[in-house]
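Notes follow once the structure below has been shown.
Derivation of every value follows stated rules applied to the coordinates shown; laboratory data play no part. Quick caveat: nothing in here was measured; it's all calculated off a predicted structure. Glycine also receives a Cβ, built like all others from the backbone with ideal geometry; neighbour counts cover every protein chain displayed.
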Amino acid sequence: MTRKMKALIKARPEPGLVLDEVEVPTPGPDEVLIQVLATTICGSDVHIYRWDDWAQRNIRPPLVIGHEVAGRVVAVGRHVEAWKEGDYVSVETHIVCGRCRACRTGNMHVCYRLQILGIHRPGSYAEYVCVPAMNLVRNDPRWHPAVASIQEPFGNAVDTVLCESVAGARVLVTGCGPIGLMAIGVARAAGADWVGATDPNAFRRSLALQMGADQVWDPTREPVLDLIMEATQGEGVDVVLEMSGHPAALDLGLKALAMAGRVALLGLLPTPVPVDLTDGFIFKGARMYGITGRHMFQTWYRVQAFLRDGKVPLERLITHEYPLEAFEAAFCQMEAGDCAKVALYPNLELVRPLHGLASA
Ligand code: NAD
Ligand code: ZN
């Protein structure tokens, strides 16, 4: 007899999601089944919800979506030895082949046959999700499931900030979405001398200050380049962390970059953009990094060290919590923008919300 579970499905190639019953997946020999305690909404899920061009190119409905998750192992495949029922885990969402040149040279995060949970295979907006056992990461039982779930985007922030040291550096974060906000906290905890941040959204700018930014600006209303130069004695910032995906922010970042500085790019630019590499980059003797996913699994060790250390106040970034059934309200909140991370609970009877459920 097959068991059923509730799940949020991109049922058809059109905007929206449907809450429906589907079969509980059966783990293959190298997989585990996780009962989902918390699953958090990523910006890419909002693209899938809206059914924009990117979603239309990447998603084949019907599909259970969602990929940021924490939960409990409830069944393991016959080859799985490292995990057992009851283990409290989070999930690296990049599912890799292990055989390609990238995988075999320590670069699994850019596997040539990369598959992403909730994009290329059924995801975590459900009571249960099935993943390869090698993708599990063990959680400290003291971590709330919503916080344990956001380790995945937190890993993006950690890789962007720490692709080089920031100790003693003056750092600019452009874009205070959830990942930019996390990056501010990481830069601070990793010894940055000064952290400035930009975002047009006032709610997010106020969270940026709570995460430890020294100065925050609205780039649409303030002469930010002049203000950065004032704050850095005319020298500019050693480190630019581009977390908005907005061409104007990249332009500002290159203009504000100090001599011999470094730029790390996480924000996805929707189209190719013209930038002044000659003066903004080459003559500065600067370095640039593209950041994608998380190193497997070095980043996770760093992520968990930050969680244990407690200096990055990640709980503050869980701004809204909903039962899975209230997904429409949750996605409306994401679209409105006055939020950081939004958590969904598919098994609410098993979890006490971190701050309390939002009124739907
Ligand atoms: P988000 O969309 O919530 O945040 C982007 C923020 O940038 C928003 O708060 C927005 O108000 C702000 N912004 C818009 N224009 C700006 C400007 N001109 N200057 C400064 N800020 C501006 O996104 P997020 O979830 O925090 O993710 C950040 C970025 O990283 C997104 O572009 C996302 O697509 C990308 N991303 C990349 C990876 C990767 O692996 N490379 C992984 C996750 C997310
Ligand atoms: Zn590979």
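Note that the stretch 1-118 shows a convex hull volume over its alpha carbon atoms of 129 Å³ per residue. A simple count of charges around Arg72, restricted to other residues whose Cβ falls under 9 Å of its Cβ and scoring Lys, Arg +1 and Asp, Glu -1, yields -2.
Distance between the modelled labels on Val18 and Gln115, one decimal in nanometres: 2.3 nm (7 Å Cα→Cβ projection). Under the criterion of Cα pairs below 8 Å and six or more residues apart, the relative contact order for the chain equals 16 percent. A convex hull fitted to the Cα coordinates of the chain yields 137 cubic angstrom per residue. Placing +1 on the Cβ of every Lys and Arg and -1 on the Cβ of every Asp and Glu, with no other charges, gives the chain a dipole of roughly 1000 debye about its Cα centre.
The alpha-carbon of Lys311 sits under 19 angstrom from the alpha-carbons of these lysines, leaving out residues fewer than 8 places away in its chain: Lys341.
Take the Cα pairs of the stretch 120-178, get the Kirkwood Rh, then feed it into Stokes-Einstein at 20 °C and 1.002 mPa s and tell me D in µm²/s.
On the way: Rh = 14.6 Å.
The estimated diffusion coefficient comes to 147 µm²/s.
The residue among Leu252, Leu181, Cys163 whose Cα reaches farthest toward the positive pole of the charge dipole of the chain, with charges on the beta-carbon of Lys, Arg, Asp and Glu, is Cys163.
Other residues lying with their Cβ under 11 Å from the Cβ of Gly180 contribute a combined charge of 0, Lys and Arg counting +1, Asp and Glu -1. The mean sequence separation of alpha-carbon pairs under 8 Å and at least six residues apart, normalised by the residue count of the stretch 16-136, gives a relative contact order of 34 percent. Kirkwood radius and radius of gyration were both taken over the C-alpha atoms of the stretch 157-290, and their ratio Rg/Rh is 0.92.
Taking amide H as placed 1.01 Å from N in the peptide plane, Ile9 has its amide H under 5 Å from the amide H of Val18, Leu19, Asp20, each at least 5 places away in sequence or on another chain.
Could you tell me the calculated FRET efficiency between Ala167 and Asp276, based on Cβ-Cβ distance and R0 = 35 angstrom, to the nearest 0.05? Before the final figure, lay out the partial values.
Working: r = 29 Å, r/R0 = 0.83.
Rounded to the nearest 0.05, the efficiency is 0.75.
Taking the helices alone, the chain has a mean residue ellipticity at 222 nm of -7000 deg cm²/dmol, built from -39,500 (n - 2.57) per DSSP H run of at least 4 residues and averaged over all its residues. Counted by Cβ distance under 13 Å from Arg205, the other residues give a net charge of -3, where Lys and Arg count +1 and Asp and Glu count -1.
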